[in-house]
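Notes for the one structure printed next.
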Amino acid sequence: MSSEPIVIVGGGLTAARAIEAIRESEPVTPIILIGNEDRLPYERPPLSKGIMLGKDSEEVAYTHPREWYDERKVDLRLGVTAERLHPESRMVALSDGSEVHYDRLLLATGSVVRKLTIPGHDLNGVHYLRTMGDAEKIRARLIAGGRVVIVGAGWIGLEVAAAARAHGVEVTIVEPQPTPLYGVVGEKVGAWFADLHRGHGVNLKLGVGVTKFEGGSHGEDLPFQSSHRKVTAVVTSEGERLPADMVVVGVGILPNTALAESAGLAVDNGIVVNSSLKVGKYGIWAAGDVANWYNPTFETRMRVEHWANAYNGGYTAGQSMTGQEVTYGRVPFFYSDQYDVGLEYAGFVPRDVQTEVVLRGDPATNAFMAFWVTAHASGHRVLAGMHVNVWDTVDAIKALVRNYTVVDLAKLADPGVPLDAVAAGR
């Protein structure tokens, strides 16, 4: 075995989970973790949930305390960026001027926020949520009060809206699609999300875009004094001017593939890897948000941006890096908490596949399930399912998806029929 270390580029959950798996098989192989934030690896869901609400401290998000890494002899290079990758010589050049050589390399570089470039995009008070630092700044603004305009009604936008309302802040969401999460859950379930947020006092501007941010000078009585101009309003595509003390933009994320691209690795909506999360040469793996991998369960390539993919994919990558014969065939899964609602979603719906939404229970009660089914020659199959406050059901949803179960739609819609008995012909 080479004397060179295993190097992990990325300081998130994917990296921490890979270390767990590596250390189970290789307790003494040197490991170097390169993270561009000056923080221990942490999980991102708490940023828009407990931390944003002010209920949880920063430590809650850390995957492990520093002592955990010390005990496992992990060399933490925090606050340092991997600037160049040379696959042929197996070397990574860092922003501090140093170079590290590796035997095996995991690219866990995650994602970067998709930014708007409209007029006023660089005004003070226009925020994005991706890092711990972002969450701390937004929370401080929410505590200060005022009016917040959220651009985008995706998962981040909706969770920030719920946190802002908990702080008593006036909230307006601007979303160009007909409903929140329209591209993910469709119009029927998206309308329920709209009703949920309206019921908690959120002003929703749907089917409307944003053309510019307006700004003015800081007033002496405002917090966060700055010599820069501060956002004061959002102008919509309909010409409406929405007053704002703060703007949070949540219009999606992009895989952080810059390092891989500059090194000549195959990139296509993420770093292209096989079912074992390996690039195929140069001793390189990729996992988490940045990986476009072949999922044998669905017999297709996919890239998933949620917590469970970082959690499970990081661990599988670590196993693969130690020579274990593993394939990554998980059913994608994510969860969200908004107000008094908790939900879990499992499955995968290709963009080019037409689906029908089957509701199980009454959405008006905020305790129901939804299934996205598609018609095949053999009948209707479940591609994905979601529960809202109907707990202990996600494993059954995953089983329906994983097993390509042909279902009886009437049984699927009936809360009185157990999920393990909804198969057609039973």
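Of the residues in the range 339-379, how many are of a type in the set (V, I, T) and more than 29 Å from W293 (Cα to Cα)?
Here the count works out to 3.
Out of R130, R104, R66, report the one residue that is under 24 Å from T29 (Cβ atoms), among the charged types (D, E, K, R) and surrounded by 15 or more Cβ atoms within 10 Å (Cβ to Cβ).
R104
Taking the condition surrounded by 17 or more Cβ atoms within 10 Å (Cβ to Cβ) and within 23 Å of the chain's Cα centre (by Cα), does L85 pass?
No.
Matching residues to (1) within 30 Å of W285 (Cβ to Cβ); (2) of a type in the set (D, E); (3) surrounded by fewer than 17 Cβ atoms within 10 Å (Cβ to Cβ):
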| site | (1), (2), (3) |
| --- | --- |
| G342 | no, no, yes |
| F348 | yes, no, no |
| D362 | no, yes, yes |
| V394 | yes, no, no |
| I397 | yes, no, no |
| N403 | yes, no, yes |
| V417 | no, no, yes |
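What is the one condition in (1) out of contact with any His (no Cβ under 9 Å at 6 or more places or on another chain); (2) surrounded by 13 or more Cβ atoms within 10 Å (Cβ to Cβ) that V358 does not satisfy?
(1)
Take the residues in the range 1-30 that are surrounded by 24 or more Cβ atoms within 10 Å (Cβ to Cβ) and of a type in the set (V, I, T); name whichever of them is nearest to Y62 (Cα to Cα).
Here the answer is T14.
Can you list the strands (runs of 3 or more DSSP E) lying wholly within the range 228-332 that have 3 or more residues being buried (at least 17 other Cβ atoms within 10 Å of the Cβ), aliphatic (A, V, I, L, M) and at pLDDT 95 or above?
230-236, 246-249, 271-273
For the range 135-147, check the following and say yes or no: at least one residue is of a type in the set (D, E), touching a strand residue (DSSP E or B) at 6+ places or on another chain (Cβ under 9 Å) and under 25 Å from G11 (Cβ atoms).
no
Quick one: which residue in R402, R381, R351 is basic (K, R) and in contact with a strand residue (DSSP E or B) (Cβ under 8 Å, 6 or more places away or on another chain)?
R381
So which pairs qualify, if the first residue must be in the range 7-33 and farther than 14 Å from S320 by Cα and of a type in the set (G, A, S), the second must be in a helix (DSSP H, G or I) and modelled with pLDDT under 95, the Cβ gap must be under 8 Å, and the two must be at least 6 apart or on different chains?
From residues that are farther than 14 Å from S320 by Cα and of a type in the set (G, A, S), there are no pairs.
Can you name the residue in the range 107-127 that is under 21 Å from A258 (Cβ atoms) and among the aliphatic types (A, V, I, L, M) and is also surrounded by the fewest Cβ atoms within 10 Å (Cβ to Cβ) among such residues?
Step by step, filter the range 107-127, then rank; the result is V112.
Answer with yes or no whether A384 is outside any strand (DSSP E or B), in contact with a helix residue (DSSP H, G or I) (Cβ under 9 Å, 6 or more places away or on another chain) and on the phi < 0 side of the Ramachandran plot.
Here the answer is no, as A384 does not meet what is asked.
The values are calculated or read from the model by the stated rules, or taken from the named source; none is laboratory data. The structure presented is a predicted model; accordingly, all values stated were derived computationally and were not measured. Note that we place each Cβ from the backbone using ideal geometry, even for glycine, and neighbour counts take in every protein chain shown.
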